[in-house]
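For reference, the structure is listed below as structure tokens.
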Amino acid sequence: MTLFKKIMAFTGSVIIVCVLFGILSAIFTHHYLLIALVTLAVAGILFFFSSKAGEKALAEKTGLTNKEYRYIRSNLEEARAKILRLQKIMSSHKALYSFQERNKTLQLTKRLYQIVKEEPKRFYEAEDFFFSHLDSLVELTEKYAFLESQPVKDKKIYQTLSDTRSLLNDLSRVIEKDLFTLLNQDVNSLDFELEVAKNSISKQKKKFERGQNHE
């Protein structure tokens, strides 16, 4: 359901509730508590069914069942929270990455999230990112930030920090591959569409040439 449709549905519900309130006020004078309770109940029912209808319409539009859509939306909300956590940690611990590496890693995670948000059905193509790689990235980054912020460090801590930095760099490359995997589907689809378009143009060109020869 688009924002415009949501606003229209909400406005329609408000109008219905207001009309109902006016009718009940005219019929049941001096029963304000009853009127308020009935109006609130109707408003709640309208909101519930309009929300369900919106979810169903969006699920149908994306080619998913309601259950699948709710499942993917829930995972996307969790992923968004994790990306925000990651961004906050990186912003407050700038020694963790160089600016270029920090920016690249954040852009990779945000781009993967955005693609799936716009096309929820593609969630299944990026399950490794949402269920494994993003979690590992956030957890390792948080642990690194914690150790790095300690006022006293020994040789073992410095070695752990160095190993963690290396793992984070490797993980960033893994997430980059996740994005390439997702984009390859678009490339393959575009290649197919280009091939169809080329064949169509070739047929039209031959047809035109035959027509010219007959003349």
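The values are calculated or read from the model by the stated rules, or taken from the named source; none is laboratory data. Quick caveat, the model's predicted, so the values are computed rather than measured. All Cβ positions, even for glycine, are placed from backbone atoms using ideal geometry, and neighbour counts span all protein chains on display.
Pairs linking a residue in the stretch 152-173 that is more than 20 Å from residue 133 (Cα to Cα) and free of Cβ contacts under 8 Å to residues at least 24 places away in the same chain to a residue that is in a helix (DSSP H, G or I) and among the hydroxyl-bearing types (Ser, Thr, Tyr), with Cβ atoms under 6 Å and 6 or more positions apart or on different chains, do not occur. Being more than 21 Å from the chain's Cα centre (by Cα) and of a type in the set (Phe, Trp, Tyr) is the filter; apply it to the stretch 129-162 and report the residue that is farthest from residue 76 (Cα to Cα). Of everything passing the filter in the stretch 129-162, 158 is farthest from residue 76 (Cα to Cα). Among the residues of the stretch 151-167, the one identified as under 14 Å from residue 141 (Cβ atoms) and basic (Lys, Arg) is 165.
A search for C-beta distances below 6 Å between a residue of the stretch 70-93 that is under 15 Å from residue 132 (Cα atoms) and touching a residue at least 40 places away in the same chain (Cβ under 8 Å) and any residue that is basic (Lys, Arg) and surrounded by 12 or more Cβ atoms within 10 Å (Cβ to Cβ), counting only pairs 6+ apart in sequence or on different chains, returns 76/117.
Scanning the stretch 174-191 for residues that are at pLDDT 85 or above and surrounded by 13 or more Cβ atoms within 10 Å (Cβ to Cβ) returns 174, 175, 176, 177, 178, 179, 181, 182, 183.
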